[in-house]
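A short write-up of the structure that comes next.
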Amino acid sequence: MLTRLFHHPIFAEHLTGPGHPERPDRIRAVMAVLEDEAFHLLDRAEAPEGSLESIYRCHPEEFVRRLATAIPEEGMVRVDSDTILSPKSFSAALHGVGAATAAVDTVVAKEAENAFVAARPPGHHAERATAMGFCLFNNAAIAARHAQAVHGLERVAIIDWDVHHGNGTQDIFWSDPSVLYCSTHQMPLYPGTGAKDEVGKGNIVNAPLAAGDGGGAFREAFRSRILPALDDFSPDLVIISAGFDAHYRDPLANLKFIDKDFDWATAELMEVADRHADGRLISLLEGGYDLEGLASSTAAHVKRLMTG
Ligand SMILES: [Zn+2]
């Protein structure tokens, strides 16, 4: 399997201030572990800058303009209590969008079997017109719309195993049955959405987990609800919102996943992509705030993408 890794040095230049969990060291830890000899076959690509046109498919122009004009010339400003803008934040977010859309182009053109985007800031909390929860633009949603608008793919599935519910992705596709959104997440927890009865047009599958749950509950949610929903939906493209904050070491939440759980779920989703989507699968980094847990679980995930 050829896996393409998208990255750009600007992802470490989005600054969030001392003590902020969504910090540049996260991406450094991810890139450091992917430097290991075990990953020498990764096909490394520089993330291009994304287009405004691709962003406008998910976020109103006025919202994008407001974010751009809020960028400080120096120092930092707050969008909300935990979402921060620094001078390079807009450019970092644009390259995150560019990486996500280029990852779609790559797997559609069969230049690689699958792709992993190592970017920050993350995206799944960004709603249509609200940046929140460390997120500016919703990269997974933009990638899904790009696949439909540019490549003519009809059905896109987004599977989100970040420990937080992807309220932004759910918001964007709430009344759009051409996109299936499936999420496992700890509940109750930020942002408060993600109950089982939030179903959109039948295209939203929320599988909340309880504090203390581990890989057993995660796998059961996949087996009983998410994998059957994916087979019913038969996606043309599989997108993973790959957060690693359900790892047992993570300080922001209380699930107990181990590296092997992410490896298992990756393999299951690759099989879904093989069954329905001619193998097309991309994965986008979301959260993960313990550097060691983030690095080791990302390594397990990418290793599985590379080996099938
Ligand atoms: Zn998260």
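The values are calculated or read from the model by the stated rules, or taken from the named source; none is laboratory data. Bear in mind that the values here come from a model prediction, so they are computed numbers and not experimental data. Positions of Cβ are generated from backbone atoms using ideal geometry, with glycine treated the same way; all protein chains shown enter the neighbour counts. With ligands, DNA and RNA removed, areas are computed over all heavy atoms of the protein, side chains included. Shrake-Rupley method; radii C 1.70, N 1.55, O 1.52, S 1.80 Å.
So which residues in segment 151-187 are away from the ligand (no atom under 14 Å from the Cβ), open to solvent by 20 Å² or more (accessible area, probe 1.4 Å) and either touching a residue at least 60 places away in the same chain (Cβ under 8 Å) or in a loop (DSSP other than H, G, I, E, B) (or both), if there are any at all? Correct list: Gly152, Leu153, Glu154, Arg155, Trp174, Ser175, Asp176, Pro177, Ser178. Restrict the check to segment 105-120 and report whether at least one residue is open to solvent by 30 Å² or more (accessible area, probe 1.4 Å) and either part of a strand (DSSP E or B) or among the basic types (Lys, Arg) (or both). Taking every residue of segment 105-120 in turn, at least one turns out to be open to solvent by 30 Å² or more (accessible area, probe 1.4 Å) and either part of a strand (DSSP E or B) or among the basic types (Lys, Arg) (or both). Go through segment 282-293 and report how many residues are touching an Asp or Glu at 6+ places or on another chain (Cβ under 8 Å) and either more than 16 Å from the ligand (Cβ to nearest atom) or not in a loop (DSSP other than H, G, I, E, B) (or both). Number of matching residues: 2. For segment 205-219, the count of residues that are away from the ligand (no atom under 16 Å from the Cβ) and closer than 26 Å to Ile172 by Cα is at least one.
Table: residues versus (1) in contact with an Asp or Glu (Cβ under 9 Å, 6 or more places away or on another chain); (2) among the hydrophobic types (A, V, I, L, M, F, W, C).
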| site | (1), (2) |
| --- | --- |
| Cys135 | yes, yes |
| His146 | yes, no |
| Glu154 | yes, no |
| Asn167 | yes, no |
| Tyr181 | yes, no |
| Lys196 | no, no |
| Lys201 | yes, no |
| Arg219 | yes, no |
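A Cβ distance below 8 Å, combined with a sequence gap of six or more or placement on separate chains, defines the contacts here; from segment 120-134, residues that are away from the ligand (no atom under 13 Å from the Cβ) reach residues that are part of a loop (DSSP other than H, G, I, E, B) and open to solvent by 30 Å² or more (accessible area, probe 1.4 Å) in the pairs Arg128/Pro60; Ala129/Pro60; Ala131/Val79; Ala131/Asp80.
Scanning segment 205-219 for residues that are within 14 Å of Leu255 (Cα to Cα) and either without any contact (Cβ under 8 Å) to a residue 40 or more places away in the chain or buried (at least 21 other Cβ atoms within 10 Å of the Cβ) (or both) returns Ala207, Leu209, Ala210, Gly216, Ala217, Phe218. Among the residues of segment 223-274, how many are under 23 Å from Ala103 (Cβ atoms), open to solvent by 50 Å² or more (accessible area, probe 1.4 Å) and either within 16 Å of the ligand (Cβ to nearest atom) or outside any helix (DSSP H, G or I) (or both)? So the count comes out to 0. Looking across segment 54-77, just one residue is within 20 Å of the chain's Cα centre (by Cα) and open to solvent by 80 Å² or more (accessible area, probe 1.4 Å), and that is Tyr56.
Being polar (S, T, N, Q), more than 18 Å from Leu252 (Cα to Cα) and more than 11 Å from the chain's Cα centre (by Cα) is a condition met by no residue of segment 152-168. Residues of segment 32-60 that are in contact with a helix residue (DSSP H, G or I) (Cβ under 8 Å, 6 or more places away or on another chain) and in a helix (DSSP H, G or I): Ala32, Val33, Ala38, Phe39, Leu52, Ser54, Ile55, Tyr56. Take the residues in segment 69-97 that are in a helix (DSSP H, G or I) and touching a residue at least 60 places away in the same chain (Cβ under 8 Å); name whichever of them is farthest from Leu281 (Cα to Cα). Filtering segment 69-97 for residues that are in a helix (DSSP H, G or I) and touching a residue at least 60 places away in the same chain (Cβ under 8 Å), the one farthest from Leu281 (Cα to Cα) comes out as Ser89.
Against the list (1) in a helix (DSSP H, G or I); (2) away from the ligand (no atom under 16 Å from the Cβ); (3) closer than 19 Å to Phe6 by Cα; (4) in contact with a strand residue (DSSP E or B) (Cβ under 8 Å, 6 or more places away or on another chain), the condition Gly279 fails is (1). Taking the numbered list (1) modelled with pLDDT of 95 or more; (2) within 16 Å of the ligand (Cβ to nearest atom) in turn, Asp80 passes all entries but (1).
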